[in-house]
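Structure record follows, encoded as structure tokens.
The values are calculated or read from the model by the stated rules, or taken from the named source; none is laboratory data. No experiment lies behind these values; they were computed from the predicted model shown. Here the Cβ positions follow ideal geometry from the backbone for every residue, glycine too, while neighbour counts run over all protein chains shown.
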Amino acid sequence: MDYKKIIIELSENYKLQQVADNFLDELDDSTLSHRDGNNRDAKVKAWLFLRDEIHSLLCTKSTKYKKERSLLASTAAPAIAVLSAALTTKFGIATGTAGTLAAIFLIIPLKISINTWCNIYKQNMNNISKKEAEVIKSIRDKE
């Protein structure tokens, strides 16, 4: 399994559920054993590994995902420009002000969300939340 490809797919499509489904669908029970050494289902283990990789991408400065982080960062400027243009056109806001507002509305919520996810991850590295367990169970039930 190419984790890097999955993370790139995630960064391009922003469809975590679809990426996780594709990732988990390719596994069987003998594929992985997770770092805690217990007998959890392989798909749960795979989900834990996927979360580890997402953490590495979003929450660390690991050289492993340096290129992908640069790619994600470079997509912010076009998004800000589009939102800025929309604010200028629709509301007649000055270009400089619209650019500042666009940056605030896009970057601050994203940064807060990432920081929150990283902190939750640190507290629950080896645990599966109830919602995650439900999603994994629904994926298994599709088989």
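Odds and ends about this structure:
Results for (1) without any contact (Cβ under 8 Å) to a residue 40 or more places away in the chain; (2) surrounded by fewer than 16 Cβ atoms within 10 Å (Cβ to Cβ); (3) in a helix (DSSP H, G or I), shown as yes or no for each residue.
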| position | (1), (2), (3) |
| --- | --- |
| 47 | no, no, yes |
| 68 | no, no, yes |
| 84 | yes, no, yes |
| 90 | yes, yes, yes |
| 93 | yes, no, no |
| 111 | yes, yes, yes |
| 134 | yes, yes, yes |
| 141 | yes, yes, yes |
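- Being modelled with pLDDT under 90, in a loop (DSSP other than H, G, I, E, B) and either over 19 Å from the mean Cα position of the chain (by Cα) or β-branched (Val, Ile, Thr) (or both) is a property that residue 107 lacks.
- Restricted to the range 115-130, and to residues there that are surrounded by 11 or more Cβ atoms within 10 Å (Cβ to Cβ) and either polar (S, T, N, Q) or on the phi > 0 side of the Ramachandran plot (or both), the residue that is modelled with the lowest pLDDT is 126.
- Residue in the range 70-81 that is farthest from the chain's Cα centre (by Cα), counting only those that are surrounded by 11 or more Cβ atoms within 10 Å (Cβ to Cβ) and under 16 Å from residue 106 (Cα atoms): 81
- Residue 107 surrounded by 12 or more Cβ atoms within 10 Å (Cβ to Cβ) and either in contact (Cβ under 8 Å) with a residue 40 or more places away in the chain or touching a Pro at 6+ places or on another chain (Cβ under 9 Å) (or both): no
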